[in-house]
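The values are calculated or read from the model by the stated rules, or taken from the named source; none is laboratory data. This one's a predicted model, so the numbers in the text were calculated from it and none came from an experiment. All Cβ positions, glycine included, derive from the backbone under ideal geometry; neighbour counts span all protein chains shown. Quick note on the areas: whole protein, heavy atoms, side chains included, nothing else; ligands and nucleic acids left out. Shrake-Rupley method; radii C 1.70, N 1.55, O 1.52, S 1.80 Å.
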Amino acid sequence: MNIIIGLLTGAAASMGLGGGFIFLIYLSAFTDTPQDIAQGANLLFFLPIALLSLIIHAKNKLIDWKIIKLYGFFGLIGAAAGSIAGMYIDASLLRKLFAVLLIAVGIKEIFHKNKEKTPESK
């Protein structure tokens, strides 16, 4: 089962579809992995996949480097703040906050309407 989860989450992550999010859900909901340990494992999982994906996407000219500079800068600030906050939040509270996030994302996706027209829909 672990091999299948690794392959699926790796493929999803390399396409920018939230493979790490799936991995984190798997670890925290279907194994006995504590939330804070699952988050750490997710970060280690993300690094090699992100590097490989970055190389492939850059080679195919699929990256807008101007956007990356802006979001990257603020993303680093957010990552630092989140890491610091995570050290002070109890693991059980962190697990509950994660559950609330999952529910909110699920509700948003249920009621989200895609306003952007794709070439197939014309």
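Kindly indicate the residue of the stretch 1-17 that is under 23 Å from VAL100 (Cα atoms) and open to solvent by 30 Å² or more (accessible area, probe 1.4 Å) and also modelled with the lowest pLDDT among those meeting that condition.
GLY16
Tell me, please, whether a residue that is under 21 Å from ALA12 (Cβ atoms), of a type outside the set (Val, Ile, Thr) and within 19 Å of the chain's Cα centre (by Cα) can be found in the stretch 66-76. Lay out the reasoning, then the answer.
Step one: of the stretch 66-76, the residues under 21 Å from ALA12 (Cβ atoms) are 68, 71, 75.
Checking which are of a type outside the set (Val, Ile, Thr) leaves us with 71, 75.
This time we only want the ones that are within 19 Å of the chain's Cα centre (by Cα), so: 71, 75.
Yes, the stretch 66-76 contains a residue that is under 21 Å from ALA12 (Cβ atoms), of a type outside the set (Val, Ile, Thr) and within 19 Å of the chain's Cα centre (by Cα).
Looking at this structure, is ILE22 over 18 Å from the mean Cα position of the chain (by Cα) and either surrounded by fewer than 13 Cβ atoms within 10 Å (Cβ to Cβ) or among the β-branched types (Val, Ile, Thr) (or both)?
Numbers: over 18 Å from the mean Cα position of the chain (by Cα): no; either surrounded by fewer than 13 Cβ atoms within 10 Å (Cβ to Cβ) or among the β-branched types (Val, Ile, Thr) (or both): yes.
When the stated conditions are applied, ILE22 does not pass them.
Restricting to the stretch 31-55, count the residues that are open to solvent by 70 Å² or more (accessible area, probe 1.4 Å) and aromatic (Phe, Trp, Tyr). Explain how you work it out, then say what you get.
So in the stretch 31-55, the residues open to solvent by 70 Å² or more (accessible area, probe 1.4 Å) come out as 32, 36-37, 43-44, 46-48, 51-52, 54-55.
Those still in the list that are aromatic (Phe, Trp, Tyr) too: 46.
Final tally of qualifying residues: 1.
Scan the stretch 96-113 for residues that are in a helix (DSSP H, G or I) and either in contact with an Asp or Glu (Cβ under 8 Å, 6 or more places away or on another chain) or open to solvent by 100 Å² or more (accessible area, probe 1.4 Å) (or both) and jot them down.
First pass over the stretch 96-113, keeping only residues in a helix (DSSP H, G or I): 96-111.
The answer is LYS96, ILE103, LYS108, GLU109, ILE110, PHE111.
Tell me which residues, restricted to the stretch 82-94, are of a type outside the set (A, V, I, L, M) and within 14 Å of GLY40 (Cβ to Cβ). Walk me through how you get there before you give the answer.
Narrowing the stretch 82-94 to residues of a type outside the set (A, V, I, L, M): 82-83, 86, 88, 90, 92.
Of everything in the stretch 82-94, those that are of a type outside the set (A, V, I, L, M) and within 14 Å of GLY40 (Cβ to Cβ) turn out to be GLY82, SER83, GLY86.
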